[in-house]
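Here the structure comes first, spelled out in structure tokens, and everything after it is commentary.
The values are calculated or read from the model by the stated rules, or taken from the named source; none is laboratory data. Since the model is a prediction, treat every value here as computed from it, not as a measurement. Reconstructed Cβ throughout: ideal geometry from the backbone, glycine too, with neighbour counts over all protein chains shown. For accessibility, only protein heavy atoms count, side chains too; no ligands or nucleic acids. Shrake-Rupley method; radii C 1.70, N 1.55, O 1.52, S 1.80 Å.
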Amino acid sequence: MRHTISVLVENKFGVLARVAGMISGRGFNIDSLNVAPTQDGSLSRITIVLKGDESALDLCIKQLQKLINVVEVSDFKEGQAVARELVLVKVRADAKSRPEIIQITDIFRAKIVNMSPDSLIIEVTGDEDKVNACLGLLEPFGIIELARTGRLALKR
């Protein structure tokens, strides 16, 4: 089962390494990991998506709460949070395929952020299903490069 965990930490050197090391030390594989400062510059939010069973997850959360510089740990159950992802995808786009790619971009309310003679860079934001659906439609044109944030989440 996939779990989304939000960890509010003091914005200090080595905190991310301790958090990631503790999680991997418990046998969890991290699907995605995001870290950024919050509105309070002294704190950062780490959003982690991982797979594991409930009992192992409970132990992991308890261990996270014991770490130095950890302020708060939240496990977001299904429907408890608003979650989004951001993807930048560079797609092959010649004169013939460009109108169809632009149409797909419009359908998904994505943005074209860069245009060159042979490619487009598209910004897609939304939940994981929306992002995957858009990427699935763009794939036949030829994805040259892709950068993906992974899940970001805030409690409702």
| field | Å³ per residue enclosed by the Cα convex hull of segment 1-67 | value | 74
| Ser74 accessible area, 1.4 Å probe, all protein chains in place, Å² to nearest 10 | 30
| field | Surface share of carbon and sulfur [accessible, 1.4 angstrom probe, percent] for the chain | value | 53
| query | Could you give the angle, 0 to 90 degrees to the nearest 10, between helix 98-107's Cα long axis and the longest principal axis of the Cα atoms of the chain? | reply | 40
| How much solvent-accessible surface does Met115 expose, in Å² to the nearest 10, with a 1.4 Å probe and all protein chains in place? | 110
| said: Between segment 104-156 and segment 14-86, how far is it from one alpha carbon centroid to the other, in angstrom? | reply: 25
| task | Report Asp94's accessible area, 1.4 Å probe, all protein chains in place, as a number in Å² to the nearest 10. | result | 80
| remark: Between [x] 124; [y] 100; [z] 132, the structure-derived volume of the Cα convex hull per residue in Å³ is [z]
| said: As an exercise, identify the chymotrypsin sites (Phe, Trp or Tyr not before Pro) in segment 1-84 lying in DSSP coil whose Cβ has no more than 13 other Cβ atoms within 10 Å. | reply: Phe13
| the chain: angle of helix 128-138 to the longest principal axis, Cα-based, in degrees nearest 10 | 30
| task | Using every pair of alpha-carbon atoms in segment 67-156, split the distances into 10 Å bins beginning at 0 and state the percent of pairs per bin, rounded to integers. | result | 16, 43, 21, 13, 6, 1
| request: For segment 44-135, report the accessible area per residue in Å² (1.4 Å probe, heavy atoms, rounded to an integer). | output: 56
| message | Can you tell me, using C-alpha contacts under 8 Å and at least 6 residues apart, the relative contact order of the chain as a whole percent? | response | 28
| If Arg2, Arg45 are ordered by their accessible area, calculated over protein heavy atoms with a 1.4 Å probe, which sequence runs from highest to lowest? | Arg2, Arg45
| field | Coil-residue GluC sites (Glu not before Pro) of segment 65-123, DSSP, other Cβ within 10 Å capped at 16 | value | Glu78
| Residues of type lysines that Lys130 reaches as a straight line, Cα spacing below 24 Å, ignoring anything fewer than 8 places off in the same chain | Lys51, Lys77, Lys90, Lys111, Lys155
